[in-house]
Amino acid sequence: MQTVDLYLQDLKAKGFQLQEDAIGFIYFGKHYTNAPDEVAIAAIELTLKAQIGFEGSFYVSLLETLVSNQIHTRQAALDYVKEQGLLFL
């Protein structure tokens with residue numbers, strides 16, 4: 001299982017640099033919602049795809065929605081946002 005730390009390192013290795021404030025939002029949201037790494041990573045991925053970059057408030061809101069709807073896996077997160085029409089991927 002991949003951690004948020006490793007996921008962010010992978011993004012950096014692929015040339016995608018997140019600013020310090022974005023990284024702060026990522027960890028704030030993860031701890032604020034008590035989200036597991038897999039769900040936090042899914043929220044990061046969905047945020048990057050939907051916003052064509054990282055938007056902290058979008059990420060935290062999406063993460064809150066996923067956690068409050070008891071989403072526990074990446075696939076469940078993808079399915080949920082599609083079913084709810086929140087994002088079109």
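Coordinate-derived values only; no laboratory data. Keep in mind that this is a model prediction, so the values were computed, not measured.
Can you give the three extents of the C-alpha atoms in the chain along their principal axes, from longest to shortest, in whole Å?
32, 25, 24
For helix 56-68, what angle does its Cα long axis make with the longest principal axis of the chain, in degrees from 0 to 90 and rounded to 10?
40 degrees
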